[in-house]
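Note sheet for the following structure.
Read-outs: derived from the displayed coordinates by stated rules, not from any lab. Source: prediction; values computed, not measured. Every residue, glycine among them, receives a Cβ derived from its backbone with ideal geometry; neighbour counts consider all protein chains shown.
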Amino acid sequence: MDPQKVSNLETLESAAIDKRKGFDLTRAMNWLVDRLLHIEPGEVLNRGEAIAPTRDPAQALRRHARELTAQALDASGRHVDYTILRQSAVYSSFRQFTLALPRCKPDDLGNRNEQTAFWINLYNALIIDAVVHYQINGSLLSKPSLFRRAAYNVAGFRFSADDIEHGILRGNRPNPSLPLKPMSRSDPRRMMVIDPLDPRIHFALVCGAKSCPPISFYEGQKLDEQLDLAAGSFVNGGGVQFDATSNSLWLSRIFKWYQSDFGGFDQVLATILKYSKDENVRAAIEDGNPRIRYLKYDWNVNSLA
């Protein structure tokens with residue numbers, strides 16, 4: 001056997017085996033995917049000497065994230081001026097704040113709502129940081145490994161954008177494009193998983209594409225109200241459309257990709273009915289049998305330029 005292949009197999013074995021629990025296929029497969037994408041275990045955007053954490057990291061994150069968006073977000077909440085942001089003092093201040101994340105402790109993040117708000121805010125800020133750091137222009141799909149590559153060290157663990165979305169906020173469910181759970185049974189990060197999931201997170205997470213929801217930031221004490229507002233904003237802001245000439249109900253592909261998170265297709269329609277203010281949309285659902293079609297997802301980066 002090729003010596004290089006032997007070396008790779010030995011490395012895979014050491015990464016996949018916990019001596020107390022035996023072979024961990026999920027860990028092995030995630031390791032292999034990252035190696036194929038040339039993503040190193042320590043590859044994070046907040047690499048550097050860690051600084052002392054703030055007393056309330058969730059509040060500090062929200063403050064820094066709001067400063068970022070105040071600097072570069074347009075009035076619609078959908079477009080970011082990354083050129084201005086890259087050169088701004090608030091971006092430098094945010095980057096400095098991220099050096100405190102490695103010393104955060106899980107207990108610092110509060111109750112379930114506070115944890116949910118923290119991870120949503122962190123995801124949205126991480127994507128903004130990643131677009132700046134990797135100088136992404138055009139389609140986000142031009143860098144297909146972005147959501148596994150873009151990551152922060154939080155509490156001593158590496159969390160990629162995929163880890164935050166699918167591991168933490170979706171209760172450790174597979175990415176729709178990769179049937180593999182982010183966290184294995186022996187992964188210590190599982191203590192931070194939020195389960196059961198709240199499907200309204202899909203109206204709050206912003207992956208940096210033009211078809212994403214508007215960017216906002218969330219507070220634990222107001223989370224339920226804010227997620228309702230996010231859901232209404234998405235459904236009524238283009239995420240659901242009705243074409244009377246063809247009796248077609250056009251839905252964002254988010255509803256297709258994450259249909260199971262909502263509890264199935266009937267619950268997708270129930271969610272739309274709950275938040276939609278469009279009488280034509282409501283009538284189509286209530287009267288039954290609209291033709292369901294899905295809108296094209298625009299993966300171009302949500303830049304003003």
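Each Lys or Arg adds one and each Asp or Glu takes one away; over the other residues whose Cβ falls under 14 Å from the Cβ of A58, this sums to +2.
Residue ranges 162-172, 207-217, 255-265 sort as 162-172, 207-217, 255-265 when ordered by packing (mean number of other C-beta atoms within 10 Å per residue, highest first). In the chain the Cα-Cα distances spread across 10 Å bins starting at 0 as 6, 25, 33, 23, 10, 3, 0 percent of all pairs.
Along the Cα-to-C-beta direction of R291, a point sits 7 Å from the Cα; which residues of the range 241-255 have their amide N less than 19 Å from that point? Residues 241-253 qualify, since their backbone N sits under 19 Å from the label point. Considering only A72, I127, M29, the residue lying farthest towards the positive end of the dipole of the chain is M29, judged by Cα position with unit charges set on Cβ.
Which GluC sites (Glu not before Pro) in the range 31-110 sit in a loop by DSSP (not H, G, I, E or B) and have at most 14 other Cβ atoms within 10 Å of their own Cβ?
E49
DSSP bridge analysis restricted to the chain gives an antiparallel fraction near 75%, rounded to the nearest 5. Bridgeable aspartates and glutamates around K222 (alpha carbons under 17 Å apart, same-chain partners fewer than 8 residues away excluded): D56, E114, D198.
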